[in-house]
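Every number here is computed from the coordinates shown, using simple stated rules; none is lab data. Note that the coordinates shown come from a computational prediction; the quantities given were computed from them, not determined experimentally. Backbone-built Cβ (ideal geometry, glycine too); neighbour counts: all protein chains shown.
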Amino acid sequence: MPTLISSSVVFSLLIASTTACAVAVVLVLAMRLFRRVHARRMRRLTDRVRPAILQTAVAEQDELDDSLAVFRSLRGRARRSAESMATRMLYDVTGETRTNLTHILIACGTVKRAVARTTSTVPVRRARAAEILGLIDFPDAVGHLIRLAQDENAEVRSVATRALGRTGRREAIAALLAALPSSSGVPAVIVGSALLEAAQHSAAAISGGFTDEDPAVRRTTAILASHVMSPGAIPSLITAVTADKEPLVRIAAARSLTRLQTRQAVPALYNAASSGHSAVSVAATAALASFPSAWTQEVLNDLRHHPDVDIRRAATATPIGG
C-alpha cells in the first residue's frame, strides 16, 4: 500500500513554492526597474554629452580649447559615455573632425590609457588599444601599432595591422608592405585590405614597394597602384612591366596599366608583349588592346601577326575608341 504524504509536508512544499514564485516575480520586477532607471540615466548622460561632442567635432581651432574643458571635467559614467560616443563617430569621419574627436579622447584620458595598454599582459586589452590607436589622428600611434603588428598573439597582430591601414600614414604603409610575406604571421587578406585603405590616404607612399626584394611585395604594390589610381606610380609600373625578374609582377604591372590608361606606357607594353613569356605577353597585349586605338594601332597590327595564337587573340580585342 503506497505511503501517503502528510498534509504538513504538502503544506510546507506549497509555502516554499509560493515563496520561490514570489521571490522570482520580485527579482524580475527589480531587474525591469533597474533597466528603466539605467536607460533613463544613460539618456540623460547622452543628452548632456552629445551636444558637447557635436559642438567640439566642428569647432574651429581657436574655439577648441574652451570646448574641451567640458570633457576634462567628466568623471565615471559620464566620461565613459563621452569616450564611447566619440569612438563610434571616429569610424565614419576624416580630416579636421577626426582630429577634433581625437582631442576629445585625449581630454578624457582615453589615448593615454590606450598607450599604456599596448604593453598589457592581457591580449584582449592590447587588441582594444590597437583598435583605438588606429582610429585617432595621433602621430605617436603608428609606432605603437607597428610594435603590436609583431605581437606574439595572432589576434593582436591582425587588429594592429588593420589599424595601421586606417591611419593612412606613410610610415604605416612601409610597415604593411613588410608584413606581406607569410613569415609575418598576419593573413595576406588582412594585410592587403589594410594596404588598400592606407594607400587611398597616401597613394604615393606605396612606391617603395616596387623595389622590395620580395616578389609578393612588388606584385601587391603593382596591384595597389591601379586600385588607388595613383598616376605617380606609372613610371614604376612601366619599369616593372619590362624589367622585373618575376613574371607575376610583370603581369600585375600590365594589368594595372590597363586601368591607368597612359600613352607613355605603350612602348614598354609592346616590349613586354614581345618578351617571349607567354602569360606576360598576353597580359601586355590585352593592356594595349584596351587603350584608345589612336595610341596603339601600329603596334597592335604587328601583334595580330604574332606566332602565338593567344597573343593574336588578345590583339584583336576591341580597343577604346576603336
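So the values come out like this:
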| read-out | value |
| --- | --- |
| Among residues of the stretch 173-194, those that are assigned to a helix (DSSP H, G or I) and either over 15 Å from the mean Cα position of the chain (by Cα) or free of Cβ contacts under 8 Å to residues at least 40 places away in the same chain (or both), counted | 15 |
| Set Ala268, Ala317, Ala286: member being within 37 Å of the chain's Cα centre (by Cα) and farther than 19 Å from Thr242 by Cβ | Ala317 |
| Test: residue in the stretch 83-94 that is farther than 19 Å from Arg162 by Cβ and among the hydrophobic types (A, V, I, L, M, F, W, C) | yes |
| Residues within the stretch 94-114 that are surrounded by 16 or more Cβ atoms within 10 Å (Cβ to Cβ) and under 20 Å from the mean Cα position of the chain (by Cα), tallied | 7 |
